[in-house]
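The values are calculated or read from the model by the stated rules, or taken from the named source; none is laboratory data. Note that this is a predicted model, so its numbers are computed, not measured. Note that we place each Cβ from the backbone using ideal geometry, even for glycine, and neighbour counts take in every protein chain shown. To get the accessible areas, we keep the full protein, side chains included, count just its heavy atoms, and leave off ligands, DNA and RNA. Shrake-Rupley method; radii C 1.70, N 1.55, O 1.52, S 1.80 Å.
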Amino acid sequence: MRLSIVLHEPQDLVNIAAAVRAMANMGLRRLTVVNPAEFDPWRITGIAHRTEHIVESVERAGSLEEALADATYVVGTSARPRTAQRNYRRPRELAPRILRRAGEGNVAIVFGREDRGLSNEALDRCDEVAVIPTAQEYSSLNLAQAVLLIAYELFLAGAGEAESLPVGKRSLGPATHGEMEEMFGALEQGLDRVDFFKARKAESVMRTVRTVFGRTTLDAHEARLIRSMGYEVRNRIDRESSGT
């Protein structure tokens, strides 16, 4: 199963260790850590005993973009829905989908730093957002608690994992995060050339576009086709503007 837990800028090594222990309890092995305040494998395994098989293979990334580059499906986590419209789901609803997508390509579940969670910019990079229900008066979860709850739902859903549906012979597999970002960039450039953002905020428009595509599963061929559309619009306007 190609499923990675991604800890974005964790601030406390003890929380990293507790998250590693939660992963081990629920049978998850792949961990990526992005810009941790501290990372000491020896101390982590000292706190989370018998987790060397996870800690020794931890991937380190310098940015969230780097950590997600090969992912074909990205799930963010948040304590509560934000003002911006996104594809919010409960973990129990998402778990079967996460497992199915992990059988098709690389899946990343992203957890934010302890003091402020994931930023809006980071959530923009997620196809869907898991919101764990809690009591209103005390909604914030510890990082390791959040990892454990998501991992537990995945563990429960694993027994009922559905078989993958057949795909066309020409399918290139799900588009990676990097390919999707190229597609969004091309669309934004094309829309900008036709003055689509003249009366609209580009950030808001593109967030809605990301939300819409987050509900779908584009394969690499489809993402490249849409990317080409955006580039062609851009290039056509540029040629007409230059008179060539």
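Would you check if residue 72 is buried (at least 22 other Cβ atoms within 10 Å of the Cβ) and either among the polar types (S, T, N, Q) or within 28 Å of residue 13 (Cα to Cα) (or both)? Against the criterion (buried (at least 22 other Cβ atoms within 10 Å of the Cβ) and either among the polar types (S, T, N, Q) or within 28 Å of residue 13 (Cα to Cα) (or both)), residue 72 qualifies.
Going by the conditions given, is residue 156 modelled with pLDDT of 90 or more and open to solvent by 70 Å² or more (accessible area, probe 1.4 Å)?
yes
Residues that are open to solvent by less than 70 Å² (accessible area, probe 1.4 Å) and under 22 Å from the mean Cα position of the chain (by Cα) within the stretch 218-244 comprise 218, 219, 220, 223, 226, 227, listed in sequence order.
Inside the stretch 112-156, residues that are under 15 Å from residue 89 (Cα atoms) and not acidic (Asp, Glu) make up a count of 12. Among the residues of this structure, residue 65 counts as one that is within 13 Å of the chain's Cα centre (by Cα), within 15 Å of residue 6 (Cα to Cα), touching a residue at least 40 places away in the same chain (Cβ under 8 Å) and open to solvent by 30 Å² or more (accessible area, probe 1.4 Å).
Each residue in the stretch 136-152 was checked for being in contact with a Pro (Cβ under 7 Å, 6 or more places away or on another chain) and surrounded by 23 or more Cβ atoms within 10 Å (Cβ to Cβ), and 2 pass.
For every residue, the table says whether it meets (1) modelled with pLDDT of 95 or more; (2) in contact with a Leu (Cβ under 9 Å, 6 or more places away or on another chain); (3) open to solvent by 70 Å² or more (accessible area, probe 1.4 Å); (4) among the polar types (S, T, N, Q).
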residue: 87; (1), (2), (3), (4): no, no, no, yes
residue: 104; (1), (2), (3), (4): no, no, no, no
residue: 108; (1), (2), (3), (4): yes, yes, no, no
residue: 116; (1), (2), (3), (4): no, no, yes, no
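Taking each residue of the stretch 32-59 that is among the aromatic types (Phe, Trp, Tyr) and looking for partners that are open to solvent by 40 Å² or more (accessible area, probe 1.4 Å) with beta-carbon atoms closer than 8 Å, six or more apart or interchain, yields 39/60.
Exactly one residue out of 22, 18 is open to solvent by 30 Å² or more (accessible area, probe 1.4 Å), assigned to a helix (DSSP H, G or I) and at pLDDT 95 or above: that is 18. Against the conditions (1) out of contact with any helix residue (DSSP H, G or I) (no Cβ under 9 Å at 6 or more places or on another chain); (2) among the charged types (D, E, K, R); (3) farther than 17 Å from residue 146 by Cα, residue 52 satisfies every one except (1). Only a single criterion out of (1) part of a helix (DSSP H, G or I); (2) more than 28 Å from residue 138 (Cβ to Cβ) is not satisfied by residue 49, namely (1).
Taking the stated definitions as given, is residue 97 without any contact (Cβ under 8 Å) to a residue 40 or more places away in the chain, more than 12 Å from the chain's Cα centre (by Cα) and open to solvent by 10 Å² or more (accessible area, probe 1.4 Å)? I'd like the intermediate steps shown before the answer.
Details: without any contact (Cβ under 8 Å) to a residue 40 or more places away in the chain: yes; more than 12 Å from the chain's Cα centre (by Cα): yes; open to solvent by 10 Å² or more (accessible area, probe 1.4 Å): yes.
Judged against the criteria, residue 97 is a match.
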